[in-house]
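Engineer: So that we are looking at the same thing, I have put the structure below in structure tokens.
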Amino acid sequence: MSEENSIAIEVINVFKEFRRLNIKSPTSLKSRIINILKGKEKLKKKDKFLVLDDISFNINKGEAFGIMGRNGAGKSTLLKLIAGIIVPTRGTIKVRGKLTPLLELGSGFHPELTGRENILINGLILGLSKKEITSLYDQIIDFSELRDVIDQPIRTYSSGMYVRLAFSIAMNVNPDIILLDEVLAVGDAEFSKKSKAKIVEFKKKGKTMILVSHDPNSIVEVCDNGLFLEHGRVAFLGNSADVASKYKAIV
Ligand SMILES: Nc1ncnc2c1ncn2[C@@H]1O[C@H](COP(=O)(O)OP(=O)(O)OP(=O)(O)O)[C@@H](O)[C@H]1O
Ligand SMILES: [Mg+2]
């Protein structure tokens with residue numbers, strides 16, 4: 001394998017800027033928005049803020065990569081960029097392989113549809129045929145342990161039940177790369193344990209993953225290497241045990 005082919009994800013000098021109007025009172029916000037819409041006023045430099053500031057790293061195929069950092073450090077934004085849900089302001093991201101993101105709670109679910117219908121829609125979005133999805137129903141439903149409620153609308157599910165279903169779909173559609181944003185923290189202890197085992201099994205198959213977590217033990221247990229983000233910057237890049245201890249030192 002050439003060096004390039006062994007890399008699953010390349011993040012090269014990535015910057016992400018968001019806009020946040022700088023205002024002092026609600027009335028001035030309203031008048032500023034109106035002025036901006038009318039073209040009377042331009043967005044000022046101070047209205048933009050940098051959420052990710054020059055991020056670069058590679059993840060090899062078969063590697064489990066952990067991302068840690070305080071709330072608001074930019075972890076979920078980075079995963080969304082890698083998933084292609086949002087685009088960087090500057091910089092390049094290359095992904096080799098079929099990627100399945102498991103990001104914010106229940107994103108991609110339709111509340112009025114049943115669990116079973118949502119499995120179908122999610123599967124189609126992830127690029128599977130109807131036949132392939134049908135053949136995976138039992139596997140997905142059994143892992144989620146939601147058989148009793150699978151034909152009920154998703155809006156009646158608890159947040160833990162949402163995550164069970166989303167995790168079961170993501171892990172059973174056979175992706176090459178999986179992105180997991182704080183998935184282990186939402187289920188109950190038993191499901192967390194089962195999820196961790198599934199993640200380890202996934203890794204043993206030579207698959208690539210990124211795990212965002214606030215739990216240093218999960219990062220050390222599951223990941224090879226990782227990244228510690230502070231205010232959108234790479235504060236540390238290296239093996240997962242060091243990432244976890246850097247994080248422990250600040251919280
Ligand atoms: N769509 C958006 N528009 C404007 N600002 C945003 C947007 N999404 C995120 N932000 C801001 O970007 C920063 C990073 O957010 P992000 O969700 O990436 O943090 P995080 O590291 O995942 O935090 P947490 O641990 O709380 O999940 C925060 O200041 C947040 O307010
Ligand atoms: Mg987040």
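Engineer: What residue, of Glu4, Glu41, is modelled with pLDDT under 85 and either within 15 Å of the chain's Cα centre (by Cα) or exposed (fewer than 13 other Cβ atoms within 10 Å of the Cβ) (or both)?
Structural biologist: Numbers: Glu41 fails: either within 15 Å of the chain's Cα centre (by Cα) or exposed (fewer than 13 other Cβ atoms within 10 Å of the Cβ) (or both).
The conditions single out Glu4.
Engineer: Working only within the stretch 161-184, note down all residues that are within 16 Å of ligand 1 (Cβ to nearest atom) and assigned to a loop (DSSP other than H, G, I, E, B).
Structural biologist: Selection gives Glu182, Val183, Leu184.
Engineer: So, of the residues in the stretch 49-79 that are among the charged types (D, E, K, R) and buried (at least 19 other Cβ atoms within 10 Å of the Cβ), which turns out to be nearest to Lys204 (Cα to Cα)? Please lay out each step first, then the result.
Structural biologist: In the first step, residues of the stretch 49-79 are kept if they are among the charged types (D, E, K, R); the result is 53-54, 61, 63, 70, 75.
Pick out the ones that are also buried (at least 19 other Cβ atoms within 10 Å of the Cβ) and you get 63, 75.
Values: Glu63: 10, Lys75: 25 Å.
Checking each candidate, the answer is Glu63.
Engineer: Specify which of the listed residues (Asp181, Asp215) is of a type in the set (Asp, Glu), farther than 19 Å from Leu99 by Cα and not assigned by TED's automatic domain parsing to the domain that holds Ser144.
Structural biologist: On the way: Asp181 fails: farther than 19 Å from Leu99 by Cα.
Answer to the check: Asp215.
Engineer: I'd like to know if the stretch 193-200 contains one or more residues that are small (Gly, Ala, Ser) and either assigned to a helix (DSSP H, G or I) or surrounded by fewer than 18 Cβ atoms within 10 Å (Cβ to Cβ) (or both). Give the derivation first.
Structural biologist: Start the filter on the stretch 193-200 by keeping residues that are small (Gly, Ala, Ser), which leaves 195, 197.
After this cut, where a residue has to be either assigned to a helix (DSSP H, G or I) or surrounded by fewer than 18 Cβ atoms within 10 Å (Cβ to Cβ) (or both) as well, the list is 195, 197.
Yes, some residue in the stretch 193-200 is small (Gly, Ala, Ser) and either assigned to a helix (DSSP H, G or I) or surrounded by fewer than 18 Cβ atoms within 10 Å (Cβ to Cβ) (or both).
Engineer: Please work out which residue is farthest from ligand 2 (Cβ to nearest atom), limiting yourself to the stretch 81-99 and to residues that are over 13 Å from Leu180 (Cβ atoms) and surrounded by 16 or more Cβ atoms within 10 Å (Cβ to Cβ). Lay out the reasoning, then the answer.
Structural biologist: Filtering the stretch 81-99 for residues over 13 Å from Leu180 (Cβ atoms) gives 81, 84-98.
Narrowing the set further to residues that are surrounded by 16 or more Cβ atoms within 10 Å (Cβ to Cβ) leaves 81, 88, 91, 93, 95-96.
Details: Leu81: 13, Pro88: 17, Gly91: 20, Ile93: 18, Val95: 20, Arg96: 25 Å.
Applying the filter and picking the extreme gives Arg96.
Engineer: Picking from Gly84, Gly97, Gly91, which residue would you name as being closer than 24 Å to Ser6 by Cα, more than 10 Å from ligand 1 (Cβ to nearest atom) and at pLDDT 95 or above? Give the steps one after another, and end with the answer.
Structural biologist: Details: Gly84 fails: at pLDDT 95 or above; Gly97 fails: at pLDDT 95 or above.
Just one listed residue meets the conditions, Gly91.
Engineer: Go over the candidates Val200, Val186, Val173 one by one and state the one that is in contact with a Ser or Thr (Cβ under 9 Å, 6 or more places away or on another chain) and closer than 21 Å to Gly97 by Cα. Please lay out each step first, then the result.
Structural biologist: Values: Val200 fails: in contact with a Ser or Thr (Cβ under 9 Å, 6 or more places away or on another chain); Val186 fails: closer than 21 Å to Gly97 by Cα.
Result: Val173 is the single residue among Val200, Val186, Val173 that is in contact with a Ser or Thr (Cβ under 9 Å, 6 or more places away or on another chain) and closer than 21 Å to Gly97 by Cα.
Engineer: For the stretch 52-73, does any single residue satisfy the condition of being within 16 Å of ligand 2 (Cβ to nearest atom) and either assigned to a helix (DSSP H, G or I) or polar (S, T, N, Q) (or both)?
Structural biologist: yes
Engineer: Here are Ala189, Ala241, Ala170, Ala185: which of them is crowded, with 17+ Cβ neighbours inside 10 Å and hydrophobic (A, V, I, L, M, F, W, C)?
Structural biologist: Values: Ala189 fails: crowded, with 17+ Cβ neighbours inside 10 Å; Ala241 fails: crowded, with 17+ Cβ neighbours inside 10 Å; Ala185 fails: crowded, with 17+ Cβ neighbours inside 10 Å.
After applying the criteria, what remains is Ala170.
The values are calculated or read from the model by the stated rules, or taken from the named source; none is laboratory data. Only a predicted model underlies this, so the values are computations on that prediction, with no experimental measurement involved. Cβ: placed from backbone, ideal geometry, glycine included. Neighbour counts: every protein chain shown.
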